[in-house]
Amino acid sequence: MRLNRLFSAALFAVLILLLCQSSAMVWARSGLSAAKSHPDARRATMSSLPNGMELRTGDLRLRIAALRDDVLRITAAQAGSFPEDASWAVLPASRKNSVPVEMDTTSDRFGFRTRSLMVEVDRKTLEITVRDLAGNILEQDARPIRFDGDAFRIYKTMPLDEHYFGLGDKTGPLDRRNEAFSLWNTDAYLFQESTDPIYKSIPYFMTFRAGRATGILLDNTWRTSFDFGKESAGIYSFGAAGGPVDYYLFYGPSPKQVVETYAWLTGTPPLPPLWSLGFQQSRYSYMSQARVLEVANRLRADSIPADAIYLDIDYQEKNRPFTVDRAAFPDFAGMIAQLKAEGFHVVTITDLHIANLPNSNYLPYDTGMSGDHFVKNPDGTVFAGKVWPGPSVFPDFTRQQTREWWGTLYRGLHGDGVEGFWNDMNEPSVFDTPNKTMPENAVHRIDEPGFARRTATHAEIHDVYGMENSRATYDGLRALDSNTRPFVLARATYAGGQRYAATWTGDNSSTWNHLRMVTPMLENLGLSGFAFSGADVGGYAGTPTPELLTKWIEVAAFQPIDRDHTEKGTGDQEPWVGGPDQEAIRRHFIEVRYQLMPYLYTLAEEASRTGLPMVRPLFLEFPDATPDRHPIDTDPAAASEFLLGSNLLIAPPPFSDEQDAYSVELPTPDWYDYWTGKRVQLIDSSGSKPDPAAVASIKPANLVRVTPTLAQLPVFVRAGSILPISPIVQSTNQTPQGVLTLRVYFGDQCSGELYQDDGKTYAFLNGAYLRMKFSCERTADGLRVTFTPHEGSYPAWWKNIQVDIYGWLPKQGRVFVHEKEISVHLDVQPQSIGFLLTDDGNGAEIEVK
């Protein structure tokens, strides 16, 4: 018995020892042990840089540099030297920017300060902490960097009240917290809410905590992944399968400042042609010239405003890019001219796969082969894979000369009058490989200004390949016509891709859930640089019910890209499908979009200067909307809402297929109903009007109760907004006839702006634009409305301005311009007063008493 006890005790001791050894190995592999991750960490040395510092310990080098007082670049290398300093995403001027720092080192830490940030690095672990000057921690390493061969992972602490946004149009909630994502551009046909990865790789996110926002961009084109507390509570992490440890950290403190700094790093989108903001009609495919003209004629006959018609792959001969099926489209150029005369712009698909057709007089293949422009196999032969035309070859867009060659392929379609180009399938999608894309060992030959000439595997280039495709298209169109703004629509892209193309969310489905998914996808795209984005209206896969198509058209009327699109084999999806009652509702919302075109175009111009998106989450404009300063969009009552610019709040039902009444949570108490002009009457959570005393003490949510109907979509206007409204046109080619209307919604900080130009060319760069700013304020006995003089040389289409004031009534009914009373007819309506003024371009100060 005693021997048994001794044996059992010995066995137990051995098991404990083995368990401890196993745990130590796991601990070391996971990077939890600083000693195992960095065996020489205690002997770390620091070298001061003019804009930061560099640390060394063994073979590890860590460099932290201040590009601006609010922007840090953090790089690390485990092989003793840093990799090539080049980037597909970050602009060269931004990467080279520098500000001086003040060193701040103690016995426990290395560190420095800028005029905005304090940087600390623990001497023992090399863990980084970044604070603002008030001492608030903005980001803090939870563990040292973990290296696993060529792969690496970075770990940050994740406070309970921190929220995460960005990564482009990943599916799921707006807030990325408790989610994990892989970035590897993927043709995700029939994607659903849990599908990952999908089409884009934008390795950038924003943290938001108690009203303070910080951005992080991981500039790495390899397969990357991001985990926001899904694996380990209290820790978020990001890393890559290879490539450099190179990331940027930038501080707001406001989220709008973070978005603008991301644009400073990666670029702003170009100002698009005005027509691209109009309604667009598409399907896969309009199979013949006759069908295209039939759809166009019906749009005009039914007075449904529209600006674009798309041609999917079946307009081509056997799906071969840059060809035209002359049997189905016998007079292609004539059709384009006829559509143009009716105010339509044609967008054609130009997929990047080139049919593998030697000795067939196929120009894209022949010139591509003669110029050595295609991606190679490891043995030096040209890689080929099956796509829509059958066996296909793929341009190597990492070569400047290949991108220039690609641009020349547009000469024929451009000459025929095509005005927009659609780069689909550019993940790239390949049908007959196990991974449904190029093999990761396919060879690219980088030959690009700013990069060393070298070969790279597709594993490194895959996520940037689609962006370089759209870059080649955009630059090629600029080369063909330097004075006309291109419109390029791309499905796959990378950080910085907004410089070349608009985008959409890919092959969605005709379901109510996919309509609901649109809002957070577009909001996160906007936060990630893509101001000009949309989703296939009505859903791509499947046939929507009439009610679903109607509701989707309503919501899309307030989004940047408004394209009705569906796949082959589905039912018709044009606005008249489903009968005259459905068509009337859809026409009304498309008309509202065109009435708002001055506002939409002004937002587009703002995006081109600042990077601020057109569609915005509420917290972007209202970071302090909640008492504890959490993002209001995470509240259930606000989760389905979005802003169009800073002034319009759209509040579709959380679940549009349900008929139950629902609550809308507004970020501030003072809003107007867009449709009626009435001031919004708030309720408390019990359904009653709030007690003013309670409002002052506990600041309850600003709730509005809505009962959904098919023909209505709740839209609210922020008090203090001044919205420019134009007469309805059938396309943006038409000059509006009549007056410009300014809707003044009385409130604090009352202002508005209007931007106009020819909508087509770059003449605005030489002053051929029109900009006006508006403001209003209460005076001792009235209301003052001010117009600034017209800025720029572009002529206004209006001679008169109709001023409609909501939420305020005069006592005397008198109007003064520059302190001189004028005789005008004062149009008094239940919710507004209005009067007509001549606009001579010199500005005006109007006082209504």
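The values are calculated or read from the model by the stated rules, or taken from the named source; none is laboratory data. Keep in mind that this is a model prediction, so the values were computed, not measured. Cβ atoms come from the backbone with ideal geometry, glycine included; neighbour counts cover every protein chain shown. Just so you know, the surface numbers come from the protein's heavy atoms only, side chains and all, with ligands and any DNA or RNA stripped out. Shrake-Rupley method; radii C 1.70, N 1.55, O 1.52, S 1.80 Å.
At a glance:
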{"read-out": "Filtered residue count, segment 435-478, keeping only those that are of a type in the set (V, I, T) and closer than 22 Å to T350 by Cα", "value": "4"}
{"read-out": "Criterion: within 30 Å of T732 (Cα to Cα), within 18 Å of the chain's Cα centre (by Cα), of a type outside the set (D, E, K, R) and in a loop (DSSP other than H, G, I, E, B) - qualifying residue of P270, P197", "value": "P270"}
{"read-out": "Only listed residue being part of a strand (DSSP E or B), in contact with a Leu (Cβ under 6 Å, 6 or more places away or on another chain) and not β-branched (V, I, T), chosen from F208, F238, F226", "value": "F238"}
{"read-out": "Criterion (over 17 Å from the mean Cα position of the chain (by Cα), on the phi < 0 side of the Ramachandran plot, in a loop (DSSP other than H, G, I, E, B) and modelled with pLDDT of 95 or more) met by exactly one of T221, T214", "value": "T221"}
{"read-out": "Test result for L549, closer than 16 Å to L649 by Cβ, crowded, with 23+ Cβ neighbours inside 10 Å and modelled with pLDDT of 95 or more", "value": "no"}
{"read-out": "Unique residue being surrounded by 18 or more Cβ atoms within 10 Å (Cβ to Cβ), under 30 Å from R73 (Cβ atoms) and free of Cβ contacts under 8 Å to residues at least 60 places away in the same chain when the list is F226, F238", "value": "F226"}
{"read-out": "Selected residue (only one of T129, T186 is at pLDDT 95 or above, among the β-branched types (V, I, T), open to solvent by 10 Å² or more (accessible area, probe 1.4 Å) and outside any strand (DSSP E or B))", "value": "T186"}
{"read-out": "Residues of segment 801-840 satisfying the condition of being closer than 22 Å to Y769 by Cβ and surrounded by 14 or more Cβ atoms within 10 Å (Cβ to Cβ)", "value": "I801, D839"}
{"read-out": "Within segment 790-849, strands (runs of 3 or more DSSP E) holding 2 or more residues that are on the phi > 0 side of the Ramachandran plot", "value": "none"}
{"read-out": "Test: G526 is under 24 Å from D633 (Cα atoms) and small (G, A, S)", "value": "yes"}
{"read-out": "Pick from segment 778-789, criterion surrounded by 15 or more Cβ atoms within 10 Å (Cβ to Cβ) and assigned to a strand (DSSP E or B), ranking: nearest to the chain's Cα centre (by Cα)", "value": "F787"}
{"read-out": "Residue within segment 392-410 that is out of contact with any Pro (no Cβ under 8 Å at 6 or more places or on another chain), over 18 Å from A501 (Cβ atoms) and without any contact (Cβ under 8 Å) to a residue 40 or more places away in the chain present", "value": "yes"}
{"read-out": "All positions within segment 618-668 that are part of a loop (DSSP other than H, G, I, E, B), open to solvent by less than 10 Å² (accessible area, probe 1.4 Å) and farther than 18 Å from A557 by Cβ", "value": "T626, P631, P667"}
{"read-out": "Residue within segment 511-525 that is under 30 Å from K376 (Cα atoms), open to solvent by 10 Å² or more (accessible area, probe 1.4 Å), of a type in the set (D, E, K, R) and in a helix (DSSP H, G or I) present", "value": "no"}
{"read-out": "Conditions (1) of a type in the set (S, T, Y); (2) within 29 Å of G450 (Cβ to Cβ); (3) in contact (Cβ under 8 Å) with a residue 60 or more places away in the chain; number of the one not met by S81", "value": "(3)"}
{"read-out": "Leading residue by the ranking (farthest from H345 (Cα to Cα)) among those in segment 696-720 that are among the hydrophobic types (A, V, I, L, M, F, W, C) and part of a strand (DSSP E or B)", "value": "L703"}
{"read-out": "Selected residue (only one of E448, E419 is of a type in the set (D, E, K, R) and open to solvent by less than 30 Å² (accessible area, probe 1.4 Å))", "value": "E448"}
{"read-out": "Some residue of segment 358-368 being of a type in the set (G, A, S), open to solvent by less than 10 Å² (accessible area, probe 1.4 Å) and touching a residue at least 40 places away in the same chain (Cβ under 8 Å)", "value": "no"}
{"read-out": "Every pair of residues 6+ apart whose Cβ atoms lie under 8 Å, when the first sits in segment 755-766 and is in a helix (DSSP H, G or I) and at pLDDT 95 or above while the second is among the aliphatic types (A, V, I, L, M) and open to solvent by less than 30 Å² (accessible area, probe 1.4 Å)", "value": "F764/L271"}
{"read-out": "Qualifying residue in segment 79-97 (condition: modelled with pLDDT under 95, of a type in the set (A, V, I, L, M, F, W, C) and not in a loop (DSSP other than H, G, I, E, B))", "value": "no"}
{"read-out": "Residues being open to solvent by less than 20 Å² (accessible area, probe 1.4 Å) and in contact with a Pro (Cβ under 8 Å, 6 or more places away or on another chain) - total across segment 317-344", "value": "1"}
{"read-out": "Of all residues in segment 293-316 being part of a helix (DSSP H, G or I) and open to solvent by 10 Å² or more (accessible area, probe 1.4 Å), the one that is farthest from P364 (Cα to Cα)", "value": "A301"}
{"read-out": "Unique match (being of a type outside the set (V, I, T), crowded, with 19+ Cβ neighbours inside 10 Å and touching a helix residue (DSSP H, G or I) at 6+ places or on another chain (Cβ under 8 Å)) among L265, L249", "value": "L265"}
{"read-out": "Residue under evaluation I74, criteria (1) farther than 19 Å from P244 by Cβ; (2) surrounded by 17 or more Cβ atoms within 10 Å (Cβ to Cβ); (3) touching a Phe, Trp or Tyr at 6+ places or on another chain (Cβ under 6 Å), criterion not met", "value": "(1)"}
{"read-out": "Condition broken by S37, with the remaining ones in (1) in contact with a Lys or Arg (Cβ under 9 Å, 6 or more places away or on another chain); (2) at pLDDT 95 or above satisfied", "value": "(2)"}
{"read-out": "Of all residues in segment 721-754 being without any contact (Cβ under 8 Å) to a residue 40 or more places away in the chain and assigned to a loop (DSSP other than H, G, I, E, B), the one that is most open to solvent (accessible area, probe 1.4 Å)", "value": "Q749"}
{"read-out": "Criterion: open to solvent by less than 20 Å² (accessible area, probe 1.4 Å), hydrophobic (A, V, I, L, M, F, W, C), under 17 Å from G529 (Cα atoms) and modelled with pLDDT of 95 or more - qualifying residue of I198, I154, I202", "value": "I202"}
{"read-out": "Test result for V382, open to solvent by less than 10 Å² (accessible area, probe 1.4 Å) and of a type outside the set (S, T, N, Q)", "value": "no"}
{"read-out": "Count of segment 600-617 residues which are open to solvent by 10 Å² or more (accessible area, probe 1.4 Å) and over 16 Å from the mean Cα position of the chain (by Cα)", "value": "1"}
{"read-out": "Only listed residue being of a type in the set (A, V, I, L, M), touching a residue at least 40 places away in the same chain (Cβ under 8 Å) and more than 15 Å from R516 (Cα to Cα), chosen from A651, A625", "value": "A625"}
